[in-house]
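Heads up: the structure comes next, in structure tokens.
The values are calculated or read from the model by the stated rules, or taken from the named source; none is laboratory data. Bear in mind that the values here come from a model prediction, so they are computed numbers and not experimental data. Cβ atoms come from the backbone with ideal geometry, glycine included; neighbour counts cover every protein chain shown.
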There are 2 protein chains.
Amino acid sequence: MAVLTPQHEDFPRWYQDVLTKAKLAETGPARGTMVIRPNGYAIWERMQAEVDGRIKAAGAQNAYFPLLIPMDFFEREAEHIEGFSPELAVVTHGGGKELTEPLAIRPTSEAVFGEYMSKWIDSYRDLPLLLNQWSNVVRWELRPRIFLRTTEFLWQEGHTAHVTESDARQYARGILHDVYQDFMCNVLAMPVIVGRKTVKERFAGAANTMTCEGVMRDGKALQMATSHELGQRFSRAFNISYSNAEGSTELAWTTSWGASTRMLGGLIMGHGDDYGLVLPPVLAPIQVVVVVVKDGDGEVTRAATSLVESLTNLGVRARLDANVASGFGWRATEWDLQGVPIRVELGPRDLAENSALLYRRDTRDKTTVHLDTAVEDARRLIDRIQTDMFTSATARRDAFITDCTTLEEARDAAQTGLARLPWAAIGPSGEGKLATGGLTVRCLHRSDGSLPETDDDSGALAYVARAY
Amino acid sequence: MAVLTPQHEDFPRWYQDVLTKAKLAETGPARGTMVIRPNGYAIWERMQAEVDGRIKAAGAQNAYFPLLIPMDFFEREAEHIEGFSPELAVVTHGGGKELTEPLAIRPTSEAVFGEYMSKWIDSYRDLPLLLNQWSNVVRWELRPRIFLRTTEFLWQEGHTAHVTESDARQYARGILHDVYQDFMCNVLAMPVIVGRKTVKERFAGAANTMTCEGVMRDGKALQMATSHELGQRFSRAFNISYSNAEGSTELAWTTSWGASTRMLGGLIMGHGDDYGLVLPPVLAPIQVVVVVVKDGDGEVTRAATSLVESLTNLGVRARLDANVASGFGWRATEWDLQGVPIRVELGPRDLAENSALLYRRDTRDKTTVHLDTAVEDARRLIDRIQTDMFTSATARRDAFITDCTTLEEARDAAQTGLARLPWAAIGPSGEGKLATGGLTVRCLHRSDGSLPETDDDSGALAYVARAY
């Protein structure tokens, strides 16, 4: 077990070790970019499928907008350009010639969606217009870290337009809760903290940003997805207007929302341990691997193959490992690294005793089961592990949270976890002081967990933490 | 039916009309780019799912490589840079500063895959390495046309490395036949002509390019997908080497292959008619729309809803149109435009007579069926339409092909269709003459349809045509 640097020794190094040893991703040739290897990409494909299904259930349709956006598009919304201009990658040459107008590679697509929404929306009957796209974006990163902050990353970005402010608000919140929070809790098994961002932490150009914050195993926070109410700022900048039932022209209310490959970083650091990745079964590309420990005349492999077939027929994503030319210990280490939730281990002795070993990756517990019930036992264990991982992640999260009353207490507590205290005890000035110590207010919510309606909700609690 | 310009009047205008009226795509803000609207993107998602499944069945794994590639990567393979340099989009500024080394936006990714394959491959045991990615690419286009030639397009690009030339060849051919040809024939219902490209038409840097060529309804050809043997050129340029069983170092043999959003253009022009898109049922995002013609007390809508539920339960992608506030004629025109293969039309009179109208988009035939069997009739019609569309597309294709013996005959025949003649009657010099008349050799195959093994196969037949 000297494969990975232990987490308690050097967490960032452990993270880098997992990326490398589990062959998830590595640094790309251009500064800050990454290559997502098949092991990492298979997890991303599962994330995409689960998030995409929820987005479609929320009524949004997928589309695709161009990568290259004329620079002047960004300049139409003042806060937006101010926020993104330091991060832009700019194309100045195309087809061997200097361009008369430089093009930005999209860092986000509010501007270009806005331009087309304006063309497509005529009357209130065209609203709501609910669009989403899966794409790459580029934001120049000074301190890149794979999955967490990369110059190029993959994401989905939703953009919607509505008749009323309250409809837009309701939709942005629906995405936050029914798409992101639901996905993170029920698929990623991550008990994210859901809240409203402070004015300082808001998306450039938003009227309100809401977030799902994950808690990593080192006590740091990670913003996992955000949903924004954009008010009428982009509607004004791009003239997204509609004629109402009375025939007069009104500006639409818009939203945008996104989740990215950064979730892969959150998944690794939220669940991973000193043996590697730990994948929640609902997400895992491979849920059960049936491992032939060793074999003589092929009888064990036949029995293992039959187990895989039975599992597959039950809808379980199962895989056979009959690679007996490699030692069992080496293969077990590999499957641990990959975080496969369940291992069914079968050798000649097990077969003779009509039994198998059932191993669960999250707790690393082994139990002997009857071979006849191994399939059903594994299937049931899938649900059990999913629930248990959420429960233990919740316990870890809660153990990292310290309730405080003053800024000073919060500053201390946030050195090793999250401090929770009344937003009134911080305020914009306290937020500035925290920033000098590398701390940020991750989000605000009321004591009952609900979202504050305004920036200065007197009942709001703030979470202060170091963050990725 | 004055919605679209008729095909016989002005085919390019008909194409543009379909894109606009069916809301498939439109021009993006930067020159040559496109916005793919939800109606177009839904078809692309179906194409992706079908192609991706076949790629995975061929053993390749998905990964993701960076958008931005250092310029010097391209320069390592002489033919490759010569072919792509005029089409590159170049990023010269990032994060507000001029870059010390400019970055190209990928026009294709042989170079960056090559760089990492070289790192990942150590011994023959690491081979074959079979990778694929779904991504956007940028190639500066001087005469852009939506879906057919755009500055940015979406595609998949596969990149593989093998121990032997014959293994690489077999794999590249397997992709050509089992992924592309199979998908095009059995999903798109397009009887593509499969062959080898001439040296002139080869991919920049390839040792052999193989292609699936579609025949459009105006008699022009469209390259729908290509698969390349790259020999050892990229292995040499990027040092993709392995140690063999004896321990000595050998260069790997590589392949690459791709299919893009251009297939959407092929689908539209291969099957579309004066009423709009005509979608083959296996591909169609909506296979059956159940249309409430009109309704009084909601009884017709209830019956239609029940039909949609029964169809959905059978695995049919069915949709209800109970939008009786809009006239039936207008809605029927819309569904025709969208190319939905089957319409079940139900009104109060049909319901009283326990019947429904079954409309098939490909032939525009209507038949009256019993309401009790309407679901089963529609389900059976799906298979029937798929087969019939392939049959009629094959007949159209064959009617466009003229067998010729001389270059002059071929030049005449190719004004309105495809000329087929011995490659020996053209040769590289004849190919140059054809080019001056806007004609190209689309591909070569033997008289039995098989692929020529060499560039100068004496039994090779050539297809000469105008092409998109």
Within the range B:383-410, take every residue that is more than 21 Å from the chain's Cα centre (by Cα) and closer than 22 Å to B:R361 by Cβ and give me the one that is surrounded by the most Cβ atoms within 10 Å (Cβ to Cβ). B:R384
Could you list all residues from the range A:350-363 that are in contact with an Asp or Glu (Cβ under 8 Å, 6 or more places away or on another chain) and surrounded by fewer than 16 Cβ atoms within 10 Å (Cβ to Cβ)? A:N354, A:T363
Give the residues of the range A:59-83 that are more than 11 Å from every other protein chain (Cβ to nearest Cβ) and at pLDDT below 95, sorted by residue number. A:F74, A:E75, A:R76, A:E77, A:A78, A:E79, A:H80, A:I81, A:E82, A:G83
Selection status of A:V199, at pLDDT 95 or above, surrounded by fewer than 24 Cβ atoms within 10 Å (Cβ to Cβ), among the aliphatic types (A, V, I, L, M) and touching an Asp or Glu at 6+ places or on another chain (Cβ under 6 Å): yes
Confirm whether A:K56 is modelled with pLDDT of 95 or more, closer than 30 Å to A:Y171 by Cα and within 11 Å of chain B (Cβ to nearest Cβ). yes
Residue in the range A:418-468 that is nearest to the chain's Cα centre (by Cα), counting only those that are in a loop (DSSP other than H, G, I, E, B) and on the phi > 0 side of the Ramachandran plot: A:G449
Which numbered condition in (1) under 30 Å from A:R169 (Cβ atoms); (2) of a type outside the set (D, E); (3) within 10 Å of chain B (Cβ to nearest Cβ); (4) surrounded by fewer than 22 Cβ atoms within 10 Å (Cβ to Cβ) is the only one that A:L131 fails? (4)
Residue under question is B:D273, and the condition is that it be of a type in the set (D, E) and modelled with pLDDT of 95 or more; does it hold? yes
Scan the range B:156-170 and report the pairs whose first residue is under 16 Å from B:N244 (Cα atoms) and whose second residue is aromatic (F, W, Y) and assigned to a helix (DSSP H, G or I), with Cβ atoms within less than 6 Å and a gap of 6+ or a chain change. B:V163/B:Y124
Residues satisfying the stated conditions in the range B:116-156, i.e. in contact with a Lys or Arg (Cβ under 9 Å, 6 or more places away or on another chain) and among the charged types (D, E, K, R): B:R139, B:E141, B:R143, B:R149, B:E152
When the range B:226-246 is examined, which residues are found to be in contact with a Gly (Cβ under 7 Å, 6 or more places away or on another chain) and either within 30 Å of B:H271 (Cβ to Cβ) or not hydrophobic (A, V, I, L, M, F, W, C) (or both)? B:T226, B:R233
Residue pairs meeting the criteria (Cβ under 7 Å; at least 6 apart or on separate chains; first under 12 Å from B:A467 (Cα atoms), in the range B:215-228; second of a type in the set (V, I, T) and crowded, with 22+ Cβ neighbours inside 10 Å): B:A221/B:V215; B:Q223/B:T211; B:M224/B:V192
Single condition B:A25 does not satisfy, out of (1) surrounded by fewer than 17 Cβ atoms within 10 Å (Cβ to Cβ); (2) over 22 Å from A:V138 (Cβ atoms): (1)
Out of (1) crowded, with 19+ Cβ neighbours inside 10 Å; (2) more than 7 Å from chain B (Cβ to nearest Cβ), the odd one out for A:E101 is which? (1)
Please list, ordered by first then second residue, the pairs with beta carbon atoms under 9 Å, 6 or more apart or interchain, first in the range A:269-297 and on the phi > 0 side of the Ramachandran plot, second modelled with pLDDT under 95 and surrounded by fewer than 20 Cβ atoms within 10 Å (Cβ to Cβ). A:G276/A:V3
Residue by residue through the range A:152-172, note down the ones that are touching a strand residue (DSSP E or B) at 6+ places or on another chain (Cβ under 6 Å) and either of a type in the set (A, V, I, L, M) or facing chain B (nearest Cβ under 9 Å) (or both). A:E152, A:L154, A:A161, A:A168, A:A172
Residue, surrounded by the most Cβ atoms within 10 Å (Cβ to Cβ), within the range A:29-61, restricted to residues that are in contact with a strand residue (DSSP E or B) (Cβ under 9 Å, 6 or more places away or on another chain) and without any contact (Cβ under 8 Å) to a residue 12 or more places away in the chain: A:Y41
